[in-house]
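First comes the structure, then the notes that go with it.
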Amino acid sequence: MISDRHAPTQQPYGTAYEQMLEKVRYEGAYPTLERADEAVRLVLAGLGRQLTGDERVDLARCLPLEAARILTTQIPDPQPLTGWAFVKDLAARTGASLATTRWDTGSVFSAVAACTGPDLLTRILHQLPTGYALLFGRAELTPAA
């Protein structure tokens, strides 16, 4: 095999992002980092269309740079989607099944939750419509009567 020793070594991801992808790959039982990356890009772009304000900024600060860019390059929708509508929207955008998209969402949100810590995650869940807590692996928050 002939190689060009002057060619840069290919490192597609920064270290922190690669660690995030490894977590998603493990959580989602994906065969490759590339498949985990597809899930991360899909779900974070979707979340970027839902999240606004300080929670969006604080989440971007917690995420690896590549993940933060995916999140923050999206323009928030004026009407946020419920958790289930979020999954249906992502499935419609990709042509994947609802079950696969739900799996991807849970796998990515698990890694996002690990980056944020419980306080920021609670703030994010308070901002989003119903249905996201379960996607993040938490019990659904209900207002006190």
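Of Ser97, Cys115, Leu51, which is farthest along the charge dipole of segment 31-120 in the positive direction, counting Lys and Arg as +1 and Asp and Glu as -1 at C-beta?
Ser97
Dipole of the chain, Cα-centred, from +1 at each Lys and Arg C-beta and -1 at each Asp and Glu C-beta, to the nearest 20 debye?
Magnitude of the dipole: close to 140 debye.
Just to confirm the number: angle between the C-alpha axis of helix 83-94 and the first principal axis of the chain, 0 to 90 degrees, nearest 10?
Here the helix axis deviates by roughly 40 degrees.
In the Gaussian network model of the chain, springs joining C-alpha atoms below 10 Å, which of Gly46, Gly106, Gly14 carries the largest mean-square fluctuation?
Taking springs between Cα atoms under 10 Å, the residue moving most is Gly14.
What shape does segment 30-109 take by its C-alpha gyration tensor, where a ≥ b ≥ c are the square roots of the eigenvalues and a/c under 1.5 counts as rounded, a/b above b/c as prolate, and the rest as oblate?
oblate
Once you treat every alpha carbon in the chain as an equal point and sum by Debye, what is log10 I(q)/I(0) at q = 0.14, 0.15, 0.17, 0.21 Å⁻¹?
-0.64, -0.72, -0.91, -1.39
To the nearest 10 degrees, how steep is helix 33-48 against the longest Cα principal axis of the chain, on a 0 to 90 scale?
Approximately 40 degrees, to the nearest ten.
No lab work stands behind these numbers, since they all come straight from the coordinates. Just so it is clear, the structure is predicted and the values come from calculations on it, not from any experiment. So basically every Cβ, Gly included, is an ideal-geometry build from the backbone, and we count neighbours across all protein chains shown.
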